[in-house]
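Right, one structure below, let's go through it.
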Amino acid sequence: MKKTLLMACAVAVFAACVQAQSWAKKDNEPVKSKGWIDNFEQAQKEAETFKQPILAFFTGSDWCGWCVRLKKEALDTKEFEKFAADNLILFEADFPRSKKISDKIKKQNGELASKYGVRGYPTIFLLDAEGKQLGRTGYKEGGAEAYVKHLKELLETAGIKTEDKPEASKPLSGYEKMKAERAAKAAQDAEKK
C-alpha cells in the first residue's frame, strides 16, 4: 500500500514538472499567424522562423471572378487550411476595387506585383523567406484535394517536402472520461488485492 502511494506521488510530481515545463516553453515559442497575412515582411519573418515557404496569393477579391472561385473551391476549405497550417505561410496581395485597404498595403502590393511580373489574377507564387520564387500557378479546377496535390507537386519540384501532421486528439467526452476513471479504479482495486 505504501509503495503504491509513493508511486502515485512520484507520478503526480513528475506530471506537474512536465506541465510546468510545457507552460514555460509555450511562453517563449514564436506563434505562427493563423490565416492570411497582408504584410509581406511579416510573412518573410514567419517563413524564416518556421522554415516554411510563403504562398503569395495575388487577387482582386471584390471583382475577380476566378479569384473568388479559387477561394470558394479550394482556399477556404478545411482541407486546404489544414495543409497550409502544416506547410505554408499565407500571404495575400489584394487589389480590390471597392474594398478599402491602407495606402501602405496598396504600395507594398503594387511593388510586389511589379517585382514578380503579375499580369493577371489570380496569380499564386510559392516563395522562400528571401522572396525567391519556388513556383507559380493560378486557378486549377478540381477543388481542394486537387489544389493541395498540385501545390505539393510544385513544392516537391522545388525540393521542399511537405508534412501531413496528425490532427490533435479531441478532448474526451463525458462517457469516455467515465470509462477511463472506472478502468483506473478497477486497476487500483486489482493492485490492492
Point to revise | Those residues of region 37-76 which are aliphatic (A, V, I, L, M) and in a helix (DSSP H, G or I), in sequence order | key: 43, 47, 68, 70, 74, 75
**Study point:** Check on residue 53, under 22 Å from residue 109 (Cβ atoms), modelled with pLDDT of 95 or more and surrounded by fewer than 18 Cβ atoms within 10 Å (Cβ to Cβ)
**Key:** no
Revision key, fill the gap. The residue from 72, 25, 82 that alone is surrounded by fewer than 14 Cβ atoms within 10 Å (Cβ to Cβ) and at pLDDT 95 or above is 72
Check your understanding: In region 78-101, how many are of a type in the set (S, T, N, Q) and not in a loop (DSSP other than H, G, I, E, B)?
Key -> 1
**Study point:** Matching option when the condition is loosely packed, with under 15 Cβ neighbours inside 10 Å, charged (D, E, K, R), more than 19 Å from the chain's Cα centre (by Cα) and at pLDDT 95 or above, among 132, 149, 140
**Key:** 132
Point to revise | Residues of region 102-158 that turn out to be among the hydroxyl-bearing types (Ser, Thr, Tyr), assigned to a helix (DSSP H, G or I) and either in contact with a strand residue (DSSP E or B) (Cβ under 8 Å, 6 or more places away or on another chain) or within 16 Å of residue 52 (Cα to Cα) (or both), as a count | key: 2
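The values are calculated or read from the model by the stated rules, or taken from the named source; none is laboratory data. What you see is a predicted model; the values in this text were computed from it and never measured. Every residue, glycine among them, receives a Cβ derived from its backbone with ideal geometry; neighbour counts consider all protein chains shown.
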